[in-house]
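Trainee: Below is a structure I'd like to ask you about.
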Amino acid sequence: LSFGAFSVRFGVFAAFSARPLESRALKGLGARCSGSSSALGSILGIPAEKPACALGQHPPPVATSKEEQKWLLRDRPDQPQNPKVLRIAIIGAPNAGKSTLSNQLLGRKVFPVSKKVHTTRCKAQGVVTFEDTQLVILDTPGLTSPLKAKRHKLEEAMLTDPWDSMKHADLVLVLVDVSDHWTRNCLSQEVLKCLSEFPHVPSVLVLNKVDLLKKKYILLELVTELTEGIVNGKKLEVRSPFKHNLSSSAKTVLKNTQASPPENRAHESPCLQETVKTQEGSGLDSSGDTRASERGVVTEAQGPKPHECRDLKNRKGWPRFQEIFMLAALTGEEVHTLKRYLLMQAKPGPWEFHSGVLTSQSPQEICDNIIREKILEYLPLEVPYGVTQVTELWEEGPSGELLIVQNLVVPRKSHMMMLIGKRGTVISRIAQEAGQDLMNAFLCDVRLKLKVEVKS
């Protein structure tokens, strides 16, 4: 059975997704992400600054042929005069939003994203090139235990890839889904094991999905728990007079007991810069009406303590985070602040990839992953995990369009009927949405045809 042939002219597609990553421009990279641009700015009610120039540029498309992509990966990188590079590992529990954040940082969707866990099955690299700086993003599967891997019949790579990425990382982003009230109050044992195994790798805490959190004051409580009260070597202490009314709408205010000189603030975390600003007596908004009087976070110098090496089973957070960022990866809110910080952390060194490379994946891998993402979205329970994808045709058409025919093999007839849907509605929708994503990745016309059959 054949369903879901899909094609859209490039002119229509360009209006749909060919846009720069940032809708707002950013000030020069030399400026530290502080004040109203900091992670806590939105919580404190500080209006966001409107930067002057766009950060980044249109990312390059992915090559449509495997040979061209291999040539780009083998080709000697085009080195600028003073190249800088930063390798970033993104780790976290399954479904925390790692691939969504990676796509936002890249400016083009090349990693699969789904509400179901274990969408990412193996590590892949994404490349952000901006001026003389290159960021290499290591998108990894969610950290899971061997017991869960055996239960869900996961590949061995899903256990080893996050650890391998940490070995080559210059910095690690630890992603936490703050909308999940079951897991947000502590880091998973797998994440803590990974961090404790590589304590020399600088780590940054990223609180994701903050747009789904109605009670924003919870974010400060989560920061205290997930950092064990220590950020960037400084001790945090949250105190509030609203002990009997935690749902109070009072504004959150920060306070710092040891204000550092202005010339030293460029090395502090965004959160701590807010505390310094408040301690000096400046208002939290432009009119200066709000003062540090309702709730505060007190910071003081704090070095590594012996308790950092205690049993991980009794630990909920990690006291060595250097920075904290709060964002919504799905909508792109505050992702530019994180991206600017990452570009600033890059160290002098040769580029690893040509500036025309966006990802280390082959075009076929991207296609398979995007189609599998749609199958995960539209099929229930364990059904998507039994689908086998076989690419029957991959070639350039007479007008330069990319022709793709893929066969979806399922183990049961009932699965085939679910995948096809009534009058072919499900398979047609999968083909349409996957085709749009593929055009976004390749920046060319795509004619995608999906076929479904039962495994013989």
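Trainee: Considering amide H positions built from the backbone, and no H for Pro or chain starts, which residues 5 or more places from Val178, or on another chain, come under 5 Å of its amide H?
Mentor: For Val178, the qualifying residues are Asn208.
Trainee: Quick check: net charge around Leu187, other residues with Cβ under 13 Å of its Cβ, Lys/Arg +1 and Asp/Glu -1?
Mentor: Cβ neighbours under 13 Å give a net charge of +1.
Trainee: Considering amide H positions built from the backbone, and no H for Pro or chain starts, which residues 5 or more places from Lys235, or on another chain, come under 5 Å of its amide H?
Mentor: Hits under the 5 Å cutoff: Glu300, Ala301, Gln302.
Trainee: Residues with amide H under 5 Å of Val446's amide H, sequence separation 5 or more or different chain, H placed in the peptide plane at 1.01 Å from N; which?
Mentor: Val8, Leu402
Trainee: Right, another one. What does the highest-first list of 314-326, 67-79, 212-224 look like by mean Cβ count within 10 Å?
Mentor: Details: 314-326: 19.6, 67-79: 13.6, 212-224: 16.9.
In descending order of packing, they fall as 314-326, 212-224, 67-79.
Trainee: Going highest first, how would you order 443-449, 376-382 by mean Cβ packing within 10 Å?
Mentor: Highest mean packing first, the order is 443-449, 376-382.
All of the numbers you see were taken from the coordinates with simple rules; none came from a lab. None of the values given here were measured: they were computed from a predicted structure. Backbone-built Cβ (ideal geometry, glycine too); neighbour counts: all protein chains shown.
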